[in-house]
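The values are calculated or read from the model by the stated rules, or taken from the named source; none is laboratory data. Treat the numbers as computed from the prediction; the structure is a model and nothing was measured. Quick reminder, even Gly has a Cβ in these numbers, built from the backbone with ideal geometry, and neighbours come from all protein chains shown.
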Amino acid sequence: MKLIEHFVNGKIIPGSSDKKGKVFNPATGEQESEVRLASRSDLDSAVEVAKKAFENWSLKPALQRARIIFKFKELIEKNSDELTKLIVSEHGKVYEDARGSLTRGLEVVEFSCGIPHLLKGEFSENVGTNVDSWSIRQPLGVVAGITPFNFPAMVPMWMFPIAIACGNTFILKPSEKDPSCAIRLAELLSEAGLPDGVFNVINGDKEAVDAILENKDIIAVSFVGSTPIAKYIYENSAKNEKRVQALGGAKNHLVVMPDCDLDGAVNGLMGAAYGSAGERCMAQSVAVAVGDIGDELVSRLSKKAEALKVGPGIDKSSEMGPLVTKEHLEKVISYVDLGVEEGAKLVVDGRGLKLQGYENGFYIGGCLFDHVNKDMRIYKEEIFGPVLSVVRVKTFEEAAKLINDHEYGNGVSIYTRDGDAGRTFASKIQVGMVGINVPIPVPMAFHSFGGWKRSLFGDSGMHGMEGIKFYTKLKTVTSRWPSGVRSNAEFVMPTMK
Ligand code: NAD
């Protein structure tokens, strides 16, 4: 059986630990490979390598770093089919969706190619007589990224292209459920000319994560995953004096106003709720039906949810693939059971789906609940599967209060033709990423991605200028070149006369 190892100092290296994880193909349910899980000493050795590589990499002119990133961009394009198939084979999502997620990662690489411009500082001439002042941003050192299973290429690419373009060196700890893509990206970076040790992949579980959090030479940690782990990462990074951004889970609402283009809202909801089998932090898992639109909304949604084409991700006709693991499938099924117990109306039941030829795959059909209320656990908790809940409210204000009271605040959307409602919604809603007649409002690479409330712990989002700030520290220089008589010692605060 194939064994997926670590990638350190420009090559694949065997880890020192005997601990291994299982990697499945969710479409068939078969185990396809094993992944080495790092020990603390594996992580510490990789950090030593990255620390050494930082000495030269951080001194390289930004333009030279950008050229390597540009070459990497070309290599991703050239190898996109192979990378996409790796995502499909270990995650399960459908091919075009996997390719789309790779493209969204690629856009961050494209953004990072502009690093000489992005790192330009600020300069003020004559802040005092013959005194100039300027600010520059310098790299931090060794930084680490810990990433979830649901975007094995895109989420790491939210982090490392910017981090290394800024002059840092990087340790990536990908999800142990689908680790192959990270290793392939590391190989492509080497092929692009990235010096050894600048980008390293350490596979592992909690032991590797704890080693990252406790290693004194790792200056900053970027995390994306579930909320309980995000909180743990945030607290322990801070305890160990690290800079940290920790993005967590979500429960996203799509508000359907009575005046909206209902076909647009239904199509938007179908893609946003069932795309990637609901395994997206920006999935719309709650439809909020305002006024009297509920019956018609549920009727149209149920027809489409029943007709969803579920199948292996590699089959180009599939609209939705399997879930990532058997355990996750069981968890999602147990949430559907719970919704029925809690009294919600299960309009479309995707449980028990078996596909001919793929009987052991981790499949569930699309599920649709109506008459869900705010006290139910299926409303409050993140299910992370193809389960859409419809909550009915009377007014726009009630919809907004529902969303603002929720513990998560990642993404949200409103479908309406009323500009006033759209504008008020965007202004007042307590959520980090807002869509108006757009179902999944994921910001582009040159803007920044990040939720509010318990969907993000820390001060900065990912990529865009937030990424540049996160991966650099600010230095401000004040300078004077005196000629002639030197001034005497001054014991008062210097101010402008
Ligand atoms: P997860 O929290 O289980 O795992 C994320 C990472 O943390 C993995 O690398 C994993 O190895 C590590 N980890 C898991 N348990 C740990 C523990 N006890 N101690 C230390 N490290 C641990 O998340 P997941 O299941 O891989 O991904 C799905 C979750 O990620 C969902 O909650 C989803 O909403 C969230 N997510 C959020 C965003 C966002 O931008 N906010 C994006 C993608 C995914």
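Touching a residue at least 60 places away in the same chain (Cβ under 8 Å), farther than 22 Å from Leu140 by Cβ and either touching a Pro at 6+ places or on another chain (Cβ under 8 Å) or near the ligand (Cβ under 8 Å from one of its atoms) (or both), is that true of Gly167? Don't jump to the end; show me each part of the working.
Details: touching a residue at least 60 places away in the same chain (Cβ under 8 Å): yes; farther than 22 Å from Leu140 by Cβ: no; either touching a Pro at 6+ places or on another chain (Cβ under 8 Å) or near the ligand (Cβ under 8 Å from one of its atoms) (or both): yes.
Spelling it out, it is not the case that Gly167 is touching a residue at least 60 places away in the same chain (Cβ under 8 Å), farther than 22 Å from Leu140 by Cβ and either touching a Pro at 6+ places or on another chain (Cβ under 8 Å) or near the ligand (Cβ under 8 Å from one of its atoms) (or both).
Of the residues in region 214-242, how many are near the ligand (Cβ under 8 Å from one of its atoms) and of a type outside the set (Gly, Ala, Ser)? Break it down into steps so the answer makes sense when it comes.
Here is the first cut: in region 214-242, the residues near the ligand (Cβ under 8 Å from one of its atoms) are 223-230, 232-233.
From the residues that got through so far, the ones that are of a type outside the set (Gly, Ala, Ser) too are 223-224, 227-229, 232-233.
So the count comes out to 7.
For region 299-320, does any single residue satisfy the condition of being within 16 Å of the ligand (Cβ to nearest atom) and within 21 Å of the chain's Cα centre (by Cα)? Can you show your working first?
Start the filter on region 299-320 by keeping residues that are within 16 Å of the ligand (Cβ to nearest atom), which leaves none.
No.
Which residue out of Ile13, Ile69 is buried (at least 17 other Cβ atoms within 10 Å of the Cβ) and without any contact (Cβ under 8 Å) to a residue 12 or more places away in the chain?
Working: Ile69 fails: without any contact (Cβ under 8 Å) to a residue 12 or more places away in the chain.
The match here is Ile13.
Given Leu194, Leu185, which one is crowded, with 24+ Cβ neighbours inside 10 Å and more than 9 Å from the ligand (Cβ to nearest atom)? Before you say what the answer is, go through the steps one by one.
Numbers: Leu194 fails: crowded, with 24+ Cβ neighbours inside 10 Å.
Matching residue, one of Leu194, Leu185: Leu185.
If you go through region 312-358, how many residues are among the aromatic types (Phe, Trp, Tyr) and in a loop (DSSP other than H, G, I, E, B)? Let's see the steps before the verdict.
Taking region 312-358 first, the residues among the aromatic types (Phe, Trp, Tyr) are 335, 358.
Add one more test, that the residue is in a loop (DSSP other than H, G, I, E, B), and what stays is 358.
So the answer is 1.
Looking at (1) under 19 Å from Lys11 (Cα atoms); (2) within 15 Å of the ligand (Cβ to nearest atom), which is the one condition that is false for Val155?
(1)
Pick out, from region 188-303, the helices (runs of 4 or more DSSP H) lying fully within it that include 2 or more residues that are outside the structural domain of Lys93 (by TED's automatic domain parsing) and at negative phi.
Working: elements: 206-214, 227-239, 262-274.
Counting at least 2 such residues, we get 262-274.
Of the residues that sit in region 247-287 and are among the small types (Gly, Ala, Ser) and more than 16 Å from the ligand (Cβ to nearest atom), which one is farthest from Thr227 (Cα to Cα)? Outline the logic, then answer.
First, pick out the residues of region 247-287 that are among the small types (Gly, Ala, Ser): 248-250, 264-265, 268, 271-273, 275-278, 283, 285, 287.
Subset that is more than 16 Å from the ligand (Cβ to nearest atom): 264-265, 268, 271, 287.
Working: Gly264: 31, Ala265: 28, Gly268: 26, Gly271: 24, Ala287: 22 Å.
The extreme case among them is Gly264.
Would you confirm, using the coordinates I've provided, whether Thr476 is exposed (fewer than 14 other Cβ atoms within 10 Å of the Cβ) and among the β-branched types (Val, Ile, Thr)? Lay out the reasoning, then the answer.
Details: exposed (fewer than 14 other Cβ atoms within 10 Å of the Cβ): yes; among the β-branched types (Val, Ile, Thr): yes.
Yes.
Please count how many residues of region 105-122 are part of a helix (DSSP H, G or I), over 14 Å from Leu185 (Cβ atoms) and in contact (Cβ under 8 Å) with a residue 12 or more places away in the chain.
6
Quick test for you: out of Leu189, Leu140, Leu185, Leu194, pick the one residue that is within 21 Å of Phe111 (Cβ to Cβ), in contact (Cβ under 8 Å) with a residue 40 or more places away in the chain and touching a Pro at 6+ places or on another chain (Cβ under 8 Å).
On the way: Leu189 fails: touching a Pro at 6+ places or on another chain (Cβ under 8 Å); Leu140 fails: touching a Pro at 6+ places or on another chain (Cβ under 8 Å); Leu194 fails: touching a Pro at 6+ places or on another chain (Cβ under 8 Å).
That would be Leu185, the only listed residue that is within 21 Å of Phe111 (Cβ to Cβ), in contact (Cβ under 8 Å) with a residue 40 or more places away in the chain and touching a Pro at 6+ places or on another chain (Cβ under 8 Å).
Which residues, taken from region 79-101, are buried (at least 17 other Cβ atoms within 10 Å of the Cβ) and hydroxyl-bearing (Ser, Thr, Tyr)?
Of everything in region 79-101, those that are buried (at least 17 other Cβ atoms within 10 Å of the Cβ) and hydroxyl-bearing (Ser, Thr, Tyr) turn out to be Thr84, Ser89, Tyr95, Ser101.
Look through region 427-460, keep the residues that are farther than 20 Å from Ile414 by Cα and surrounded by fewer than 23 Cβ atoms within 10 Å (Cβ to Cβ), and return whichever of them is farthest from the ligand (Cβ to nearest atom).
We begin by selecting, within region 427-460, every residue farther than 20 Å from Ile414 by Cα; these are 445-448, 454, 456-460.
The next check asks that each one be surrounded by fewer than 23 Cβ atoms within 10 Å (Cβ to Cβ); those that pass are 446-448, 454, 457-460.
Details: Phe446: 17, His447: 14, Ser448: 11, Arg454: 10, Phe457: 10, Gly458: 11, Asp459: 15, Ser460: 13 Å.
Step by step, filter region 427-460, then rank; the result is Phe446.
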